[in-house]
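Notes follow the structure.
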Amino acid sequence: CEYCGAIVSTRALRPRRALPRDVVFLLDRSCSMRGGSLPQARRAVLRILEHLGPDDAVQVFAFDHERLAADGRGESFMPLSDKDTAGRIGAFLGGLKPRGGTELEEALERAAKLEARSQRSRVVVLITDAAVGNEGRLLRRAPEILGKDARLYVLGVGPAVNRYLVERLARAGGGASDVLLPGEDDET
């Protein structure tokens, strides 16, 4: 610096490129997601996909008492650089109907089974109304299930969101939470 004499590295001034992300969506399709909740959750997934980059990869699981993967297998991530990925996910989401019970712990376990890849950040996005009965167990187990390298972001949707669980799960997973009520704009 010509004023203070400090030596400034130009490397420090360049913005660091963020690691590509592996994003796992967990979409609640249980009976409590009837009405406008499931369509609102679908739109949220598609909106998030629009904001991911071509180096990012995704997997989408719809869950109730079963877990269904967007690619039919759920064993790996689908690259967003493949132009068919977004269409495949859209078709998968369009075919979902509310049914069954909310088995959230098993959904988190399924997300954690996807292989961690080096030089990539792991993000889990849970979209749910959080209508479950085992809150305490979930809050204890979430950090253990997901591990220290994954971040859990929770979006509560629907008219009767369990805000307590949504906020605490996100905090336990090192992420953040938000709630999208019926009729609210899902573009924000």
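The values are calculated or read from the model by the stated rules, or taken from the named source; none is laboratory data. Since the model is a prediction, treat every value here as computed from it, not as a measurement. Neighbour counts are summed over all protein chains in view; Cβ atoms, including those assigned to glycine, are modelled from backbone coordinates with ideal geometry. We work out accessible area using only protein heavy atoms, side chains counted, and drop any ligands, DNA or RNA first. Shrake-Rupley method; radii C 1.70, N 1.55, O 1.52, S 1.80 Å.
Worth pointing out:
- VAL132 passes every criterion in (1) β-branched (Val, Ile, Thr); (2) at pLDDT 95 or above; (3) touching a Ser or Thr at 6+ places or on another chain (Cβ under 7 Å) apart from (2).
- Here ASP56 does not qualify as more than 25 Å from LYS83 (Cα to Cα), open to solvent by less than 20 Å² (accessible area, probe 1.4 Å) and either of a type in the set (Phe, Trp, Tyr) or at pLDDT 95 or above (or both).
- Residue tally, condition small (Gly, Ala, Ser), under 21 Å from ARG34 (Cα atoms) and surrounded by fewer than 19 Cβ atoms within 10 Å (Cβ to Cβ), over region 139-188: 2
- Cβ pairs under 7 Å, 6+ apart, first in region 85-99 and more than 15 Å from GLN40 (Cα to Cα), second buried (at least 18 other Cβ atoms within 10 Å of the Cβ) and charged (D, E, K, R): ARG99/ARG29; ARG99/ASP64
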